[in-house]
Amino acid sequence: MWEEGIDYYFFIDDASKEIFRQRFTHTKANLKTVFFPLSSEYFIERSKINSKHILIILSSLKKDFVDNFLSILKDSSKTLTIVQWRNPQLYKKMYQKYSHISQFHFFEYLSLKDYYKEVDICVSKPGWATISECIASEIPLLIPDFIPGQEEGNKILIEKNEIWIYEANPLKAVFLLNYIDWSKMLPNFKKIKNPHACEDIIKYLS
């Protein structure tokens, strides 16, 4: 009964669409893959990915991971941008401990969509908005943690599309930053992203 009156369901990728179809035994032909409706100005085409500029979004990340991760990288040549977002307590602790490090840049908030063009790798939990924006900007995700249940589907999406690495150990995470060839993920971004998602949705609704 809850499906009555719904013209279309829109999905970020085919895997998510098929999961929905199977879970709800959906037989109608009104499931559409369009990607996430982001303005086309935020889509970036990269030729290579280096791991020189790391963005860390602190929302829901655990203190032990972040503290050890920053401690290992404080003597490296990498630039780290640390964004508070919805984790002011952890941000305050990390700012007090590491703000003197010249290559660490702390921000309570940033317009991330506008900043992604400066970033090589994003360290974050796999929220929908973050995943979509990173795919559009062709930024691999290094994920140290995720919320069971709530972010399970997000984890499946990025696993199937091979645009992420999960590593909860900060020492191993830094090793991966240094030695993984992140550029190999670039073709996977191009398979899933769609800069015309907004136009496609409007087209279907019209």
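The values are calculated or read from the model by the stated rules, or taken from the named source; none is laboratory data. The model shown is predicted, which means the values in this text are computed figures rather than measured ones. Please note that ligands, DNA and RNA were not included when accessible areas were found on the heavy atoms of the full protein model with its side chains. Shrake-Rupley method; radii C 1.70, N 1.55, O 1.52, S 1.80 Å.
Available extension along the chain between ILE180 and TYR166 is 3.8 nm, counting 0.36 nm per residue and deducting the alpha carbon span.
Using C-alpha pairs under 8 Å with a sequence gap of at least 6, the mean separation divided by the residue count of the chain gives a relative contact order of 26 percent. With the convex hull drawn around the C-alpha atoms of the range 53-152, the volume per residue stands at 93 Å³. Solvent-accessible area assigned to carbon and sulfur over the chain amounts to 51 percent, based on a 1.4 Å probe.
With contacts taken as Cα pairs under 8 Å and at least 6 residues apart, the range 53-150 reaches a relative contact order of 32 percent. Computed with the Debye formula from one identical point scatterer per Cα of the chain, without solvent, the log10 of I(q)/I(0) at q = 0.07, 0.08, 0.16 Å⁻¹ comes to -0.23, -0.30, -1.05.
Segment ALA129..ASN30, full-extension length gain: 33.3 nm, with 0.36 nm per residue of separation and the alpha-carbon distance subtracted.
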